[in-house]
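The values are calculated or read from the model by the stated rules, or taken from the named source; none is laboratory data. Keep in mind the model is a prediction, meaning the values are calculated, not measured. Ideal geometry is used to build each Cβ from the backbone, glycine not excepted, and the neighbour counts take in all protein chains shown. The accessibility values were calculated without ligands, DNA or RNA, using every heavy atom of the protein model including side chains. Shrake-Rupley method; radii C 1.70, N 1.55, O 1.52, S 1.80 Å.
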Amino acid sequence: MMLAMIENNGPKQNAIVVRQVCKTFPQGTGRISALDGVTIDVAPGEFVAIMGASGSGKSTLLHLCAMLEKPDSGNIRIAGQTLENLSEKQAVEFRRRTVGVIFQQFNLIPSLTVEENILLPVRLAGHCGKPETDWSNELIDRLGLSTRRRNRPDALSGGEQQRTAIARALVMRPPVILADEPTGNLDSANAGHFWKLLAGVLPAVQATVLLVTHEPTAAMQARRVVVLRDGRAAGEFFVQDVQHATALAARYQELAH
Ligand SMILES: Nc1ncnc2c1ncn2[C@@H]1O[C@H](COP(=O)(O)OP(=O)(O)O)[C@@H](O)[C@H]1O
Ligand SMILES: [Mg+2]
């Protein structure tokens, strides 16, 4: 009892703690290393952009944080939960409540409307009361989907589908948002609109954000950029220390190669 109280009153834990994580995948007769001892800390409410060349392990890192894959070794703690210790049942709850994921593939359910897709996580969690539908309606408004709520995904533009996916990721108010190149399937006009809308809704959820992106303008929204190289954290810098996106890109290039 006493211990629990001390822990609760102690210094704020980091929201994301990745320690010496390694992950390999089978390839041919051998294995390929995707992550090779990566260590990253993200403070509560911090927005961190992950950048790195193709194949540097960015998506693998996000998949491990979302518990979609397991590391070979090392530890990951998200919002105070050590992932390797979670039971199957706790893992289901973790994926449902603790992390909101936004991937390049929108992964919307084709037979459900925009509104039904957004509310699906709430329904699965078993409580869809007024506060939840109010929040869902607010997200639909803020993300410019009001006229689309009764449409199915195949009637939407790519930008609208991705905005539906943001709303679905935020509807449970998860403490951690994991986004993997969310504008990868959008044209540049829709991508620009996406970033504006995301920046508009994030303060309302006060989540910790880990965003994988190769777009310097998108990374400018973060507080810090962490660069992966060959499955390791090769370096990092604060966005306030670079003046503009071109300088950010140059700083990234120095660390990535
Ligand atoms: N499911 C998988 N099976 C086999 N190899 C994989 C798998 N996922 C990733 N890899 C390999 O791991 C490395 C890192 O991949 P990934 O994390 O997708 O990099 P990034 O997102 O930075 O482009 C790459 O060499 C990739 O081919
Ligand atoms: Mg990737």
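Things to note:
- Residue in region 173-182 that is nearest to ligand 2 (Cβ to nearest atom), counting only those that are open to solvent by 10 Å² or more (accessible area, probe 1.4 Å) and not in a strand (DSSP E or B): Glu181
- Residue-level check: of (1) at pLDDT 95 or above; (2) among the small types (Gly, Ala, Ser); (3) under 16 Å from Lys196 (Cα atoms), Ala155 misses just (3).
- The single condition from (1) modelled with pLDDT of 95 or more; (2) assigned to a helix (DSSP H, G or I) that Asn75 fails is (2).
- Any hit, region 186-208, residues being more than 17 Å from Asn107 (Cβ to Cβ), outside any strand (DSSP E or B) and among the acidic types (Asp, Glu): yes
- Pairs with Cβ under 6 Å, 6+ apart, first in region 174-203 and within 16 Å of ligand 1 (Cβ to nearest atom), second in a helix (DSSP H, G or I): Leu178/Leu62; Leu178/Cys65; Asp180/Ser59; Asp180/Leu62; Thr183/Ala191; Thr183/Phe194; Asn185/Gly158
- The lone exception for Ser111 - which of (1) assigned to a loop (DSSP other than H, G, I, E, B); (2) of a type in the set (S, T, N, Q); (3) under 23 Å from Ile50 (Cβ atoms) it fails: (3)
- Residues (open to solvent by less than 10 Å² (accessible area, probe 1.4 Å), within 9 Å of ligand 1 (Cβ to nearest atom) and either over 12 Å from Leu35 (Cβ atoms) or under 10 Å from the mean Cα position of the chain (by Cα) (or both)) located in region 51-70: Leu62
- In region 49-80, the residue that is farthest from ligand 2 (Cβ to nearest atom) out of those that are over 12 Å from Leu210 (Cβ atoms) and touching a Cys at 6+ places or on another chain (Cβ under 7 Å) is Ser73.
- When region 90-108 is filtered for residues that are open to solvent by 60 Å² or more (accessible area, probe 1.4 Å) and not in a helix (DSSP H, G or I), the ones remaining, listed by number, are Gln105, Asn107.
- Only residues that are over 30 Å from Gln13 (Cα atoms) and either β-branched (Val, Ile, Thr) or buried (at least 20 other Cβ atoms within 10 Å of the Cβ) (or both) were counted across region 146-172, and they come to 9.
- Test: residue in region 213-232 that is modelled with pLDDT under 95 and small (Gly, Ala, Ser): yes
- First in region 56-68 and farther than 13 Å from Phe94 by Cα, second anywhere and among the β-branched types (Val, Ile, Thr) and open to solvent by 20 Å² or more (accessible area, probe 1.4 Å), Cβ under 9 Å, 6 or more apart: Leu62/Val101
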